[in-house]
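Enquirer: Quick one: this structure, given as structure tokens, is what I'll be asking you about.
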Amino acid sequence: MSAVDIRGAVHPLVLPGVYAPQDDTALLAGAFADEPLEPGAHVLDVGTGSGALALTAARRGARVTAVDLSWRAVCTTRVNAWRSGLRVRVLRGNLFAPVRGRVFDLVLANPPYVPAPRGGTRPRGRARAWDAGRDGRLVLDRLCREAPAHLRPGGALLVVHSALSDPGRSLAELRAAGLKAAVVRRHWIGLGPVLRQRREWLHRRGLLSAGDDREELVVIRAERVF
């Protein structure tokens, strides 16, 4: 994946070891731009990284909470909010743990989703931002299970991930939880350095065809209708 700017945003500071805004961030930002958002709406950015999406939501007048497991990401987002003159509440923790019992009008999520050969061990260091077990769903399954409890009636989840990590399963899990879910955006990009290194392994698993040099990203929108 290549680094990109989030439209209308100051280019964020990215500390070493923090996930920088990339094609998946931009795709999710595009889907977010299509969402109607009342002033003062409560928005949660899960796995905020550099805070690019959290800042985008704050610019739209939302009350924003951003969460990340990485202390570096938390510090980066706080600095970027200060640089931009925006108010964002930034919490450290694992997925929804720091906001237990709270509900939101919109949840944004760009979780780790890259299938990893050593899927039996939890990723460490920078790899925590992308590696997600052998099927790429180490975080996605939890996200799909836990997100519905944090949505107000009429609230929505926007989550981006690779087609390599089974969007159909995400849709099924979200629908089983009572949400109305559909893919709202798709985009093909060239394989980044991590996937290029794993191309043969992905081919053996049937996730890539021989000679494939692209992957598809998708954004899923899931709404709590009651």
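The numbers here are math on the coordinates, done by the rules we state, and not lab data. Note that the coordinates shown come from a computational prediction; the quantities given were computed from them, not determined experimentally. Here the Cβ is made from the backbone with ideal geometry for all residues, glycine too, and neighbour counts use every protein chain on show.
Enquirer: What list of ³J(HN,Hα) couplings, whole Hz, do you get for segment 87-94 from phi and the Karplus terms 6.51, -1.76, 1.60, once you set θ to phi - 60° and write x for glycine and proline?
Expert: Calculated HN-Hα couplings, in order: 9, 9, 7, 10, 10, 9, x, 8 Hz.
Enquirer: If you don't mind, there's one more thing I want to ask. About its Cα centre, how strong a charge dipole does the chain have in debye, to the nearest 20, once Lys and Arg get +1 and Asp and Glu get -1 at the Cβ?
Expert: I would put it at about 680 debye.
Enquirer: Choose one of Leu143, Val79, Gly51: the residue whose Cα lies farthest towards the positive end of the charge dipole of the chain (beta-carbon charges +1 Lys, Arg; -1 Asp, Glu; about the Cα centre).
Expert: About the Cα centre, the residue reaching furthest to the positive side is Val79.
Enquirer: Can you compute the modelled spin-label distance between Trp82 and Leu13, with each label point 7 Å from Cα toward Cβ, in nm?
Expert: 0.7
Enquirer: What list of ³J(HN,Hα) couplings, whole Hz, do you get for segment 213-226 from phi and the Karplus terms 6.51, -1.76, 1.60, once you set θ to phi - 60° and write x for glycine and proline?
Expert: 10, 9, 10, 9, 9, 10, 10, 9, 10, 10, 10, 8, 8, 8
Enquirer: So what's the gap between the Cα centers of segment 39-63 and segment 148-187, to the nearest angstrom?
Expert: Measuring centre to centre over Cα atoms gives 19 Å.
Enquirer: Now for a different question. GNM, the chain, Cα, under 10 Å: largest mean-square fluctuation among Thr77, Thr48, Thr56?
Expert: Taking springs between Cα atoms under 10 Å, the residue moving most is Thr56.
Enquirer: Right, another one. Please list, in chain and number order, the residues 5+ apart from Gly155 or on another chain whose amide H is under 5 Å from its amide H, with Hs placed from the backbone.
Expert: Arg224
Enquirer: Let me ask another. Please give the contour-minus-distance gain from His187 to Val103: 0.36 nm per residue of separation, less the Cα-Cα distance, rounded to one decimal in nm.
Expert: Separation in residues times 0.36 nm, less the Cα-Cα distance, equals 27.3 nm.
Enquirer: Any idea what angle helix 23-33 forms with the longest principal axis of the chain, computed on alpha-carbon atoms, 0 to 90 degrees, nearest 10?
Expert: Helix 23-33 sits roughly 40 degrees off the main axis of the chain.
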